[in-house]
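*Asks:* This is the structure, below, for whatever I ask next.
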Amino acid sequence: MKHNLVSTFLFLFLHCIGILAQGPSPSPTPPPARATAPAPGPPGPTNVTKTLEKAGQCSTFIRLLQTTQEISQITSLLNNSNSITIFVPPDNAFLSMKAGTLNSFNDQQKSELIKFHVLPQYFSLSQFQTASNPVQTQAGGTSNHEFPINITTNGTSVNITTGIVNASISNTIYIDSQLAIYQVDKVLLPLQFFVPPAPTPAPSPPKPKKNDDSSDSDSVSSVSSGVINSPRELLFFLAVFCFVYVS
């Protein structure tokens, strides 16, 4: 019995010495830290095409945006932090145009037609009340039958006049702090497509120079002084002289 206790004690003693000799057990290696995901950047500009597709009834205007490549210009303006306003006629507005009107426009005119529906500045509905007419569009100038557009308000209604068409805003499709898209009840037709520019006035003719009165005065003075200037007068003078001398 004593022998067993001594053996057990000795075993435990040696085991403790072995544990102390090994030193403290190393702490477990922590798992590698996960890389922190970068913070999301600011959202990009609104996708105009998708916005119009979501609104519906804009397939003709979308097709013109794409075939004229004006959608690229609009996207570039928005990417460069430019603010714009777009007037969008629905499909039934194109159908109500005189038959063949849209097809009669060449490629340049179709591009200008889309630009004529884009204002290079942002307008909320209330800001149309203080619009300075004629309002500039992306199509070009406003003078000499070019691309003038006039905007007036009457209460909550906004009316648009081009010189060819009188239209009004019928709905707000999309609006934020940079982009405003409004539905209009008619296709905005520019004046230049139907009325030729006024001709440039011809330059005024040069003023005639004043005559030199000195030559006239010299001829008058020579007659009044009795100077003989013609052969007939000279012969008459000699005949009279000879007659007087002979007599």
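*Asks:* What is the set of long-range amide H partners of residue 165 at a cut-off below 5 Å, with H atoms built 1.01 Å from backbone N?
*Replies:* Answer set, sorted by chain and number: 189.
*Asks:* What ratio of Cα Rg to 2.2 N^0.38 Å holds for segment 41-138?
*Replies:* 1.15
*Asks:* A follow-up question, please. How much length is gained on full extension from residue 126 to residue 82, taking 0.36 nm per residue of separation minus their Cα-Cα distance?
*Replies:* 13.9 nm
*Asks:* Quote to one decimal, in nm, the extra length available between residue 105 and residue 170 on full extension: 0.36 nm per residue of separation minus the C-alpha distance between them.
*Replies:* Computed gain between residue 105 and residue 170 is 20.8 nm.
None of the figures in this text is laboratory data; all of them are computed from the coordinates on show. Quick caveat: nothing in here was measured; it's all calculated off a predicted structure.
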